[in-house]
Amino acid sequence: TPSDTTNYNTAAVDVEVTVSAEFLEGNVLLEGNQYGDTLTATVIGAQEEAKLVYSFYRNGETEPFQTGGNPEYTLKAEDFGKTISVKVTAEGYAGELTPGYGTPIKPRDISVKADSPSKTYGKEDPSLTWSILTGSLVEGDQLKGKLTREEGEDAGTYKILQGTLTNANNPCYAITFLSGTLTINKAQYTVR
């Protein structure tokens, strides 16, 4: 390392840094990032021989939770509601890029639609199931809660309700629910 700091190669300090195409001019903007997304830090214009080190922090903590040459980090449940920042340094170069801070990590958007089953009058209700319309669950996750339906046993249609499949029971997800319909068909009988 040179003793005259005015001769330091500061290329790593002056480069443009981007994270997921939203980390611009040295600032990390995490707006819109959701639980389960992967953040990627990209440094444009650094010296090819510079070994970049990416340090990820939660809520401005002094110790990073991930440091090293990996520019990617997948947001986990423990990041929900917290703010993630990234500092980028380069081995052998003076200084560091100003850390950027984003907005708190948001719940993952997901749209769920109740399936529309049917049954015959007098029979037990079928299982009330649902399907994902938009968004996705993070690998290994399952939504918690059960659907319910309007009361009644006469032939006709009954709205399927969200029941306990709620954001309160699934805090890492922002659930948009679309109801379905349970159809109760008339029973057939023969008069002799």
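Rolling a 1.4 Å probe across all protein chains gives F80 an accessible area of roughly 70 Å².
Based on C-alpha pairs under 8 angstrom that are at least 6 apart in sequence, region 99-151 has a relative contact order of 35 percent.
Which of the residue pairs K123/K144; K76/K119; K123/K146; K87/K144; K82/K146; K106/K146 have a Cα-Cα distance greater than 31 Å in the structure shown? Where the Cα-Cα span goes over 31 Å, the pairs concerned are K76/K119; K87/K144. Projecting label points 7 angstrom from Cα along Cα→Cβ for N169 and T62 puts them 4.4 nm apart.
The values are calculated or read from the model by the stated rules, or taken from the named source; none is laboratory data. Note that the structure is predicted; figures quoted are calculated from it, not measured. Note that each Cβ is placed from the backbone with ideal geometry, even for glycine, and that neighbours are counted across all protein chains shown. To get the accessible areas, we keep the full protein, side chains included, count just its heavy atoms, and leave off ligands, DNA and RNA. Shrake-Rupley method; radii C 1.70, N 1.55, O 1.52, S 1.80 Å.
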